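Everything below concerns the one structure shown next.
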Amino acid sequence: MSNYVVIIIGWLLGQAAYACKKSWDLQIRNIDLSFKEALKMHFTKETAAFAFGTVFLLIGIFISADYVNLDISKAELKNLEAVKWKIYLVNFLRTASVLFGYLCQSLGYFIFGRSEKILKQRAEAEGINLLKSST
């Protein structure tokens, strides 16, 4: 299986784990809400975060070849000591890709959530209403 396919599958599993955790949090706060309804709410409310995570995945795959070549040739396998780090990296790739998938949305919220909070505070200080008026 290609390393890129492993990264994509791991990312999807990480995203699924993140969605389940967030849906569980929603369900705990509202007893009348089923897990299926909470999961549906999460996917409808977090579409932008999911899109950001997808872009982050594509960027990661695109630039990864510039930093690490994970292909191991037969010639390299003759000298195991020289390629030991590559073997460890390939073995750890599955775990890393799941963590990457889980953290993509958290990272997006951390980056954009903080900037949104700063913008709201500045707008409130200057007396600007960021909500659309219903007039």
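The values are calculated or read from the model by the stated rules, or taken from the named source; none is laboratory data. Please read these numbers as outputs of a predicted model, since none were measured by experiment. Counting neighbours? That spans all protein chains shown, and the Cβs are built from the backbone with ideal geometry, glycine included. Remember, those area values only see protein heavy atoms, side chains included, never the ligands or the DNA or RNA. Shrake-Rupley method; radii C 1.70, N 1.55, O 1.52, S 1.80 Å.
Structure above, values below:
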{"item": "When residues of the range 4-26 are limited to those that are buried (at least 19 other Cβ atoms within 10 Å of the Cβ) and more than 15 Å from SER106 (Cα to Cα), the one modelled with the highest pLDDT", "result": "GLY10"}
{"item": "Cβ-Cβ under 7 Å pairs, at least 6 apart or on other chains, the range 79-104 side more than 17 Å from ASN69 (Cβ to Cβ) and among the aliphatic types (A, V, I, L, M), far side open to solvent by 60 Å² or more (accessible area, probe 1.4 Å) and in a helix (DSSP H, G or I)", "result": "VAL98/LEU13"}
{"item": "Filtered residues of the range 58-92 (kept if closer than 30 Å to GLU46 by Cα and either under 15 Å from the mean Cα position of the chain (by Cα) or part of a loop (DSSP other than H, G, I, E, B) (or both))", "result": "LEU58, ILE59, GLY60, ILE61"}
{"item": "Any hit, the range 31-54, residues being in a helix (DSSP H, G or I), of a type in the set (S, T, N, Q), touching a Gly at 6+ places or on another chain (Cβ under 8 Å) and open to solvent by less than 50 Å² (accessible area, probe 1.4 Å)", "result": "no"}
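To keep it simple, each residue is scored yes or no on (1) under 22 Å from ASN3 (Cα atoms); (2) at pLDDT 85 or above.
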| residue | (1), (2) |
| --- | --- |
| PHE35 | no, yes |
| LYS45 | no, no |
| ALA49 | no, no |
| PHE100 | yes, yes |
| TYR109 | no, no |
| LYS117 | no, no |
